[in-house]
C-alpha cells in the first residue's frame, strides 16, 4: 500500500507535476489566486535535497502520492529557482534545528497518512544524524497536520518573493518541535 524511498534525479518531472497540482489545489481556501501564483516563486523542488539523499518519495500502490524531506543545510524553504532564499551552509546538530523541507501531497491522496509518513521518516533521519530539534516554514494548508504532529508556531512570516507577482505576499508560519 504505502511505500517510501529516497528520491532520485529521475523523479524530477513527476515531482514537479505533483508539486504544481498540490500548490494549485491544496492552497485554495487558504490563499487567494494572486497569493497562489506568488507562492510559486518560493515553493518547488530543491534538487540539493535529492543530492544530499534527504528527500523522499511516497508511493501509494505504486502511484506517486507525496514527497518531502529534511535537510542539514541552512536553507529553510524554497526551490531551486528561489536563489534569494538559498544558504547551503551546514547546520550544527548540537545547536541548530534540522529543516523539514518541501512537503507536498498529491491532491488525490490527502487524508491518507502521506504527510504524516513523510514527517516520520524525515524526523527519524534527522534524529539519527544527531539533531534534537526540527523546524519548517509551513504553508497555511499544512499547519493543521503539523500541529497534530507536535509542531508549534515560532513566528508568522509574510514572504514577498523576489521577482514575485506585483509584490503580493504569501503568509507562512515558521514552526518547530523537539525531536
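Each value in this text was obtained by applying a stated rule to the coordinates, not by laboratory testing. Please read these numbers as outputs of a predicted model, since none were measured by experiment. Because the Cβ atoms are built from the backbone with ideal geometry, glycine has one as well, and the counts that use them run over all protein chains shown.
Tabulated values for the structure
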item: Gyration tensor verdict on the chain (Cα atoms; rounded if a/c is under 1.5, prolate if a/b is larger than b/c, oblate otherwise); result: rounded
item: Cα centroid separation - segment 65-121 against segment 1-50, whole Å; result: 11
item: Helical mean residue ellipticity (222 nm; -39500 (n - 2.57) per DSSP H run of 4+; nearest 500) of the chain; result: -8000 deg cm²/dmol
item: Mean Cβ neighbour count within 10 Å, used as a protection proxy, ranking 33-45, 5-17, 65-77 highest first; result: 65-77, 33-45, 5-17
item: Label-zone membership for segment 111-137, site residue 92, 7 angstrom Cα→C-beta point, backbone N under 19 Å; result: 127, 129-135
item: Relative contact order [Cα under 8 Å, 6+ residues apart], segment 2-178, whole percent; result: 23
item: Extension gain from residue 80 to residue 157, taking 0.36 nm per residue of separation minus the Cα-Cα distance; result: 25.7 nm
item: Whether segment 63-141 is rounded, prolate or oblate, judged on the alpha carbon gyration tensor where a/c under 1.5 counts as rounded; result: oblate
item: Rounded if a/c under 1.5, otherwise prolate or oblate - segment 18-70, Cα gyration tensor axes; result: oblate
item: Paramagnetic label zone (point 7 Å from Cα along Cα-to-C-beta, residue 61; backbone N under 11 Å) in segment 107-129; result: none
item: Among beta bridges that DSSP assigns inside the chain, antiparallel share in %, nearest 5; result: 90
